[in-house]
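Before any comments, here is the structure.
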Amino acid sequence: MPVALLALAVSAFGIGTTEFVMMGLLPNVADDLGTSVPTAGYLVSAYAIGVVLGAPLLTGLGSRIPRKRMLLLLMALFTVGNLASALAPDFGWLLAGRFLAGLPHGAFFGVGAVVAARLVSEGRQARAVATMFLGLTVANIVGVPAATLLGQHLGWRATFLVVAVIGLCAMAALARLVPHIPVEAHQNVRHELRALGNRQVLLGLLTAVFGFAGVFAVYSYLSAMTTKAMGFGESSVTLVLALFGIGMTLGALAAGPLTDRALRPTLYGSLGALAVVLAVFPFVVHVRWAALVLVVLLGGVGFMTTTPLQMLVMNKAKDAPTLASASNHSAFNLANAGGAWLGGVAIAAGWGWTSPALVGAVLAVIGLAVAVTAGVLDRDRTAGASRIVAGADPRSRRDAEPGARVASPSGD
């Protein structure tokens, strides 16, 4: 794999660390700024809203900027957002800093996925994208636990200062390792928006919203489940979160080659496995070793969905994949917010601390149903195009066949 992927992975590590570390620092921030923990929870929402709004907005504004320069600008904005968070004098300014740090998240991964795919030969593109995402998963094993401990001992501001330094290191790596990749001559906002309107792209985004919401219905309350359902002490929470991160990393490693070989089967299999793991979770959570195994499996099968979904929207957007790729991360953050909300509704209704897992299982099944429906519609369309080509005269068939072959890349 090209060494430039390392720069993308380092950037993803910084983004993943700042995205998830706030969940572990909420009590510290609340105490320091004189607010309640539920109110401090808005800091998580502010980041997610930044991702949802920033992905299409910044991608559209940067559609004519060369890819490398765009990556550097986005990482600079990310660094400024974290620095602003570290220096925030009160809760309102910290809320603004978190929103600012979230703005470049989706756009960076959208542009980064396109760059990663263009750095390698055809047939290895999903592995390249998965390599970039490894930085995000490693952040959950190393970055988030370490940053949480740092914040607990030196103050939460120190955490965001360190993340800002990681951002500067990522910018240096991007500048040094990523080659110049020019923007296509036809690339513009209107062209990208037209590609985003593709039915298969929209169904892919809808799959991400429902399917990944199943993961966050549980992950958002995993700390509470560790102490209240699994029976572990508070000191074990970091270990359980790290196990989830290990599962994410294993899932990302497996997703790359599997997606290159067969995109839709990988997506169907990961969503189906996710539904099964979530459905089983409440019934074995009280057996400690089994609960820990399922935490790893949940991270693994949950994150296996990300690479095929990323490649699917990029492939179906064809020659305007950047906005679709970035919008996929808006979909993932809508899944984050929606899954956490529905899981909280189940707990508030008195269904128990493990009830979010059953809610997540239903969401994963809905995501799988959307994915299968999209696959059937796509297969029918492709079959119809093939019949038209077969019925044409030989000269027309010769002209049409190359396009028909391109219509279903990456094992789709």
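The values are calculated or read from the model by the stated rules, or taken from the named source; none is laboratory data. Since we're looking at a predicted model, the values are computed, not measured. Glycine gets a Cβ as well: all are built from the backbone with ideal geometry, and neighbour counts include every protein chain shown. Side chains are part of the model used for accessible areas, which takes the heavy atoms of the whole protein and leaves out ligands, DNA and RNA. Shrake-Rupley method; radii C 1.70, N 1.55, O 1.52, S 1.80 Å.
Odds and ends about this structure:
- Unique match (being assigned to a helix (DSSP H, G or I), open to solvent by less than 10 Å² (accessible area, probe 1.4 Å), of a type outside the set (A, V, I, L, M, F, W, C) and touching a Pro at 6+ places or on another chain (Cβ under 9 Å)) among Thr322, Thr226, Thr259: Thr259
- Filtered residues of the stretch 264-299 (kept if among the polar types (S, T, N, Q) and either touching a His at 6+ places or on another chain (Cβ under 7 Å) or under 19 Å from Val362 (Cα atoms) (or both)): Ser270
- Filter pass, Ala290 being among the small types (Gly, Ala, Ser), assigned to a helix (DSSP H, G or I) and modelled with pLDDT of 85 or more: yes
- Where Gly360 falls short, out of the listed (1) at pLDDT 85 or above; (2) touching a Phe, Trp or Tyr at 6+ places or on another chain (Cβ under 9 Å); (3) assigned to a helix (DSSP H, G or I); (4) open to solvent by 30 Å² or more (accessible area, probe 1.4 Å): (4)
- With respect to the stated conditions, Gly251 is open to solvent by less than 60 Å² (accessible area, probe 1.4 Å), within 21 Å of Gly143 (Cβ to Cβ) and in a helix (DSSP H, G or I).
- When Met23 is tested against (1) within 17 Å of Asn336 (Cβ to Cβ); (2) open to solvent by less than 20 Å² (accessible area, probe 1.4 Å), only condition (2) is not met.
Residues are listed down the side, and each one gets a yes or a no for (1) farther than 29 Å from Gln125 by Cα; (2) open to solvent by 20 Å² or more (accessible area, probe 1.4 Å):
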| site | (1), (2) |
| --- | --- |
| His286 | yes, yes |
| Leu298 | no, no |
| Ala317 | no, no |
| Leu334 | no, yes |
| Gly339 | yes, no |
| Ile347 | yes, yes |
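- Residue list for the stretch 56-77, filter: out of contact with any Asp or Glu (no Cβ under 8 Å at 6 or more places or on another chain), open to solvent by less than 30 Å² (accessible area, probe 1.4 Å), touching a residue at least 40 places away in the same chain (Cβ under 8 Å) and closer than 18 Å to Asn328 by Cβ: Gly62, Arg67, Met70, Leu71
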